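This report concerns only the one structure given below.
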Amino acid sequence: MLNQLESLAERVGGKIKLIDQWLESRKNLLVTYYRLVGIKPNKEKNIPLDEKALIDFGHHLVDYLSSCHFHIYDKVITQEEGASSPNLLIGQKAYPRLEENTQKIMAFYDNYVEKGINEDTILQLHEDLSTVGELLERRFSLEDKLIQEATNSWLSHHSSAASK
């Protein structure tokens, strides 16, 4: 996922500040995710999980999801379609899928970060981290399409406006 992010950043980075901030936020989320999944509790011994890594990931996760839903998506969609567009076509296609994805990811947050880890949940944690990784990958794929469309549209709009 980090390689895909770097590839996307090379294609669209440095052109639109909002997109750059979005990609940087995603990078920070991925770094905390990778740090967390690198932790593999020894199931034979009762070794405590590094809960700081879990909490860091949880905070980055909530920050990322909140920022996307309450700030970035609206700005990207409005910029792409115009504030007066009744349909916001890009948002209509992507937003319901992103919303469903958010709900699934937040279930992980609720189960492990909010409630904490105990002997019953630690064994399930590794599997659920893998599921969250898959959900993040699907989310980033949807977001990448949104980013690419918005970037192409903005650059096209600005180059046509500049040539007038």
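The values are calculated or read from the model by the stated rules, or taken from the named source; none is laboratory data. Keep in mind it's a predicted model, so treat the numbers as computed, not measured. Each accessible area value is taken on the protein alone, full model and side chains, heavy atoms only, with ligands, DNA and RNA left out. Shrake-Rupley method; radii C 1.70, N 1.55, O 1.52, S 1.80 Å.
Listing for the model above:
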item: Spatial extent of region 92-152: Rg and Dmax, with the Cα atoms as the point set, Å; result: 14.4, 49
item: Under Karplus coefficients 6.51, -1.76 and 1.60, residue-wise ³J(HN,Hα) of region 112-126 in Hz, glycine/proline x; result: 10, 8, 5, 7, x, 9, 9, 4, 6, 9, 5, 5, 7, 4, 4
item: Protein-only accessible surface order, largest first, of His59, His69 at 1.4 Å; result: His59, His69
item: Pairwise centroid distance, computed over Cα atoms, of region 105-147 with region 59-78, Å; result: 17 Å
